[in-house]
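Here's the structure we're looking at; comments come further down.
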Amino acid sequence: MAVVEARSIVRLPPGVRLPFEVYVNGVRQQPGIDYEVLDDTLRFEAELRKEGKLGFWRWFLGAWGVGTYRQNDSVDVSYERDGRPMLLEGLEIEPAG
């Protein structure tokens, strides 16, 4: 299996165990290719980002219909707990250090 050089990490909440499926912006990711699991952390080769809060000027321009777009990735994890399907949406993304 190839080792992924991490640029972004996502920490899994307690209780999430394999097997699970990982999605970035709604696209299923492949373990060992797009990410790897290390303890309770997903390590992505891609640089993922969340946009964060809008500043005043970006909000003001948006109110007038002027689009200002930035990268805004969403990492979701689908798994089962006690036989029930579970979905974690928009997990926090951190730069790999």
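The values are calculated or read from the model by the stated rules, or taken from the named source; none is laboratory data. Note that this is a predicted model, so its numbers are computed, not measured. Neighbour counts run over all protein chains shown; Cβ positions are idealised from the backbone, glycine included.
Among residues of the stretch 83-97 that are in contact (Cβ under 8 Å) with a residue 40 or more places away in the chain and farther than 19 Å from TYR23 by Cα, none has a beta-carbon under 6 Å from a residue that is exposed (fewer than 10 other Cβ atoms within 10 Å of the Cβ) and basic (Lys, Arg) at least six positions away or on a different chain.
Residue-wise test of (1) modelled with pLDDT of 90 or more; (2) over 22 Å from the mean Cα position of the chain (by Cα); (3) outside any loop (DSSP other than H, G, I, E, B).
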residue	(1), (2), (3)
GLY52	no, no, no
ARG58	no, yes, yes
VAL66	no, yes, no
TYR79	yes, no, yes
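Looking across the stretch 77-97, the residues that are over 27 Å from ARG7 (Cβ atoms) and surrounded by fewer than 10 Cβ atoms within 10 Å (Cβ to Cβ) come down to ASP82, GLY83, ARG84, PRO85. The set of residues in the stretch 75-92 being within 16 Å of VAL27 (Cα to Cα) and among the aliphatic types (A, V, I, L, M) consists of VAL75, VAL77, LEU87, LEU88, LEU91. Please enumerate the residues belonging to the stretch 28-39 that are loosely packed, with under 13 Cβ neighbours inside 10 Å and touching a residue at least 24 places away in the same chain (Cβ under 8 Å). Hits for the stretch 28-39 are GLY32, ILE33.
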